[in-house]
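For reference, the structure discussed in these notes is given below.
The values are calculated or read from the model by the stated rules, or taken from the named source; none is laboratory data. This is a predicted model, so every value here is computed, not measured. Using ideal geometry, Cβ is built from the backbone for each residue, glycine included, and neighbour counts are taken over all protein chains shown.
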Amino acid sequence: MLVELIQKLNIPLQEANSTLDDYRSADEVFLAGTTTEAMPVVAIDDTQIGGGEPGPVTRRIREAFVSSVRSG
């Protein structure tokens, strides 16, 4: 469902195995699941991700995901 949603939003998507170092150096990171919806990650351990706030792509995905889940 999330992959399809991201494709509908025309956001480039690449699936890959990632390490913690990859996440720490990313501009944006989010977790997805049925209970977390699309939860922004702003820090890992003591390392701030991006600007320490959810980024624009994550916010866009989260808004679309929440809307999709709640509308059934």
Quiz item: Can you tell me which residue in region 18-72 is farthest from Ile6 (Cα to Cα), limited to those that are touching a strand residue (DSSP E or B) at 6+ places or on another chain (Cβ under 7 Å) and among the charged types (D, E, K, R)?
Solution: Arg24
Practice problem: Determine whether region 47-64 contains at least one residue that is hydroxyl-bearing (Ser, Thr, Tyr), touching a residue at least 60 places away in the same chain (Cβ under 8 Å) and surrounded by 12 or more Cβ atoms within 10 Å (Cβ to Cβ). | Solution: no
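Counting only residues that are closer than 22 Å to Ser71 by Cα, assigned to a helix (DSSP H, G or I) and either of a type in the set (Lys, Arg) or under 11 Å from the mean Cα position of the chain (by Cα) (or both), how many does region 4-53 have? Even if it seems obvious, please write down each step before you answer.
Filtering region 4-53 down to residues closer than 22 Å to Ser71 by Cα leaves 4-11, 30-40.
Keeping just the survivors that are assigned to a helix (DSSP H, G or I) gives 4-8.
Keeping just the survivors that are either of a type in the set (Lys, Arg) or under 11 Å from the mean Cα position of the chain (by Cα) (or both) gives 6, 8.
So the count comes out to 2.
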Practice problem: Could you list, in sequence order, all residues of region 1-46 that are of a type in the set (Asp, Glu), modelled with pLDDT of 90 or more and surrounded by 15 or more Cβ atoms within 10 Å (Cβ to Cβ)? | Solution: Glu28
